[in-house]
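**Q** Dropping a structure here in structure tokens format, bear with me for questions.
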Amino acid sequence: MIDAEKELALDTNIPEVSLKELLKLKKVFLNFNYVFIINSLDGRTQYSNPVLPTLLGITQKTIENLTAAEIIRQYVHPDDQKSSIQAITEVMKGKRIHGLTNRYCLSNGTYQQFSWMLIPIPTEEVFYAIACPTADGIIPNNKAADKPDIRIHSIFHNISDYFYVLDNSWKFVYVNGSAAQLFLSSKKEKILGKYYWDIFPESDDLYFLKFTEAKLTQKHIYFEAFSVLSCGWVRVNVYPSPEGLSVYFRDISDQKCLEKSLADEQKRLHAILAGLPGLVYLRTSEGNVVFANHKFKEIQGEPGNKKCFELLFNRNRPCKDCNMESKTQSSSPLQWQCIIKDVIYEVYQHPFEDFDGTQLFLMQLLDITKRKLAEEEIGRLDRLNLVGELATSIAHEVRNPMTTVRGFLQLLKSKNISQENTDYFDLMISELDRANGILNEFLSVAKINAKLRTPVKLNNLVDSLYPLIMADATNQDKLVVLEAEKVPELMLDEREMRQLVLNLTRNGLEAMSPKGTLNLRTYQNKNSIVLEVEDQGSGISQEILERLGTPFQTTKKGGTGIGLSTCFNIAERHNAKIEVITSPSGTKFIVRFKDPSLKEIPS
């Protein structure tokens, strides 16, 4: 009989029995000959399976109306009542009781001895009791216990895994060499011939629960748990038989460490993939997205094992670039470009095999929109450079002979010739002058050296040009409206600024029909000084807008396509930006100069 006052400690590595498992046990014990009772922590009986009421000759309802103490006083042998009530008191305080034995008076007047296990569940404010009749009088003799079957010995004794056998009275009737050594080093005693409760007076619930389940269901059970014997993780297999339980277990601590290392490695790999730039995802050969990084989820949402072409392109068929519909997809890395929602991506596809042989593809999409725009800008600058070189060449090769021809025409005109010929000479000289003006525009495009800049009041410059602009507008039956707000002085090349204003206003006037109005504005924005020219023309087509500022790009009949290119170059030399907003009702050219009051932070 156990000492109920003994302090019982729990290994914190062992999981507690949950209420769900307790209810499962309730169903299991319903059809077996083990006593199973659930009591509240104040001693009231909440449930009893039919075994004990049947043995005592009473109904389940009768026993459920009694407290644990009342049952003990009415049915337990007088010599066992004190220890039994003491055990109930201890378990109600939260302590576990294993191996309590007492005798119950049965309906036929005889006594039957039971071995009890009492386990509290404080979180549910209950404790449960399991009891089985002891095997007094039918316990195998010491000779049988000390000399196990020779066939079992020859098979199990020398294996490195642990194996032992419990009979129906929970006595150890066989222990192989590895298990005996483990018990000896852990418990400092030999266990053969001893009862389970002698070795585990503080036994955890999980092992007993699993052993009991196997015994009652007569089905093989296996589980993984922490072992107080090896101080590590073990995988336990329990094989029931009519004679008892065979328990086979092996240490899996190294495997658990390896699993943890693999899990940590997987977390690191996911962290690396999640931190890669651009959209990164893993897809199967069929296109199912099985992993996506944070950037992908941020833009496309959770993949949910959907197809990549559905998520990215909203299509129901694969795109041609990844060759997904081919029976044999490429095993080499591939690279291509695509456009998703107006963003240009460089796509890298890296095929590889998963650990189980599954073909997967690592896809990385990098946003190269800015790079493409930069390449286009470089191309535009290259064309401007070509034009500059061409302009310089034309200036040297053509202007000298033109000057010579003009001089001879003036000489011939000065001679005494008819008025009719004089008109012809004037026409030829004016055409030469016009050609020379075109060459000057070419030369202005080619200029890259910064001129001497001086403080210029933008409003004063526009006011000085207003009469000239107004005269051009009046000749074309059009109107010019000037709206000038107070703006600070700017460091400008005044001659170039005059050319920029005249080019933009003349382009605006030429774009409008008679009676149209040209709006010329100056004002200060948040971080910039703005010159704005707005016309009421028919707008600029998207095709022309994309190439605006490129030399020779023009929509005017007889135009050279140099004027706007000159404007963009002048703005660039003054660290200004030209924005163009166009619609069928007109076009607005906005020139933004940096506010001189804002100091740049040195890098």
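**Q** Is it the case that V480 is surrounded by 11 or more Cβ atoms within 10 Å (Cβ to Cβ) and at pLDDT 85 or above? Reasoning before the result, please.
**A** Working: surrounded by 11 or more Cβ atoms within 10 Å (Cβ to Cβ): yes; at pLDDT 85 or above: yes.
Criteria met by V480.
**Q** I'd like to check something: does the range 439-449 contain any residue that is at pLDDT 85 or above and touching a Pro at 6+ places or on another chain (Cβ under 9 Å)? Working first, answer last.
**A** Pass one, the range 439-449, residues at pLDDT 85 or above: none.
Taking every residue of the range 439-449 in turn, none turns out to be at pLDDT 85 or above and touching a Pro at 6+ places or on another chain (Cβ under 9 Å).
**Q** Let me ask you something else. Hey, which of the helices (runs of 4 or more DSSP H) in the range 488-603, taking only ones fully inside, have at least 1 residues that are open to solvent by 30 Å² or more (accessible area, probe 1.4 Å), polar (S, T, N, Q) and at pLDDT 80 or above? Write out each step before concluding.
**A** Working: elements: 494-511, 542-546, 563-573.
In the range 488-603, 494-511, 542-546 are the helices (runs of 4 or more DSSP H) which contain 1 or more residues that are open to solvent by 30 Å² or more (accessible area, probe 1.4 Å), polar (S, T, N, Q) and at pLDDT 80 or above.
**Q** So, one more: May I ask you to list the residues in the range 99-111 that are closer than 17 Å to A68 by Cβ, open to solvent by less than 70 Å² (accessible area, probe 1.4 Å) and in contact with a helix residue (DSSP H, G or I) (Cβ under 7 Å, 6 or more places away or on another chain)?
**A** Here is the first cut: in the range 99-111, the ones closer than 17 Å to A68 by Cβ are 100-105.
With the extra rule that they be open to solvent by less than 70 Å² (accessible area, probe 1.4 Å), the set shrinks to 100-102, 104-105.
Hits for the range 99-111 are L100, N102, Y104, C105.
**Q** Still on this structure, I have one more. Taking the conditions exactly as written (in contact (Cβ under 8 Å) with a residue 40 or more places away in the chain and either loosely packed, with under 15 Cβ neighbours inside 10 Å or of a type outside the set (F, W, Y) (or both)), does L366 satisfy them or not?
**A** Details: in contact (Cβ under 8 Å) with a residue 40 or more places away in the chain: yes; either loosely packed, with under 15 Cβ neighbours inside 10 Å or of a type outside the set (F, W, Y) (or both): yes.
Here the answer is yes, as L366 does meet what is asked.
**Q** Within the range 112-142, track down each residue that is modelled with pLDDT of 85 or more and open to solvent by 70 Å² or more (accessible area, probe 1.4 Å).
**A** Correct list: E125 only.
**Q** In the range 269-284, which residues are farther than 21 Å from I368 by Cα and modelled with pLDDT under 85?
**A** Hits for the range 269-284 are L269, H270, A271, I272.
**Q** So, in the range 469-505, how many residues would count as being more than 22 Å from A576 (Cβ to Cβ) and hydrophobic (A, V, I, L, M, F, W, C)? Spell out the reasoning first.
**A** Quick first cut of the range 469-505, residues more than 22 Å from A576 (Cβ to Cβ) only: 470-481.
Subsequent filtering for residues that are hydrophobic (A, V, I, L, M, F, W, C) retains 470-471, 473, 479-481.
The total comes to 6.
**Q** Then there's this: In the range 260-286, what count of residues is obtained for those that are acidic (D, E), free of Cβ contacts under 8 Å to residues at least 12 places away in the same chain and either assigned by the TED database to the domain that holds D167 or closer than 27 Å to C308 by Cα (or both)? Outline the logic, then answer.
**A** Filtering the range 260-286 for residues acidic (D, E) gives 264-265, 286.
So of that shortlist, the ones also free of Cβ contacts under 8 Å to residues at least 12 places away in the same chain come out as 264-265.
When the remaining residues are screened for being either assigned by the TED database to the domain that holds D167 or closer than 27 Å to C308 by Cα (or both), the result is 265.
So the answer is 1.
**Q** Please note which strands (runs of 3 or more DSSP E) are completely contained in the range 35-122 and include at least 1 residues that are on the phi > 0 side of the Ramachandran plot. Lay out the reasoning, then the answer.
**A** On the way: elements: 35-40, 45-48, 97-105, 111-121.
Once the strands (runs of 3 or more DSSP E) in the range 35-122 are filtered for at least 1 residues that are on the phi > 0 side of the Ramachandran plot, what remains is 97-105.
**Q** Being modelled with pLDDT under 80, in a helix (DSSP H, G or I), among the charged types (D, E, K, R) and surrounded by 11 or more Cβ atoms within 10 Å (Cβ to Cβ), is that true of even one residue in the range 405-416?
**A** Of the residues in the range 405-416, the ones modelled with pLDDT under 80 are 405-416.
Within this subset, residues satisfying the condition of being in a helix (DSSP H, G or I) are 405-414.
Then keep just the ones that are among the charged types (D, E, K, R); that gives 406, 413.
Subset that is surrounded by 11 or more Cβ atoms within 10 Å (Cβ to Cβ): 406, 413.
Yes - at least one qualifying residue is present in the range 405-416.
The values are calculated or read from the model by the stated rules, or taken from the named source; none is laboratory data. From a predicted model like this one, the values you see are computed outputs, not experimental measurements. Neighbour counts run over all protein chains shown; Cβ positions are idealised from the backbone, glycine included. Note: areas computed on protein heavy atoms with side chains; ligands, DNA, RNA excluded. Shrake-Rupley method; radii C 1.70, N 1.55, O 1.52, S 1.80 Å.
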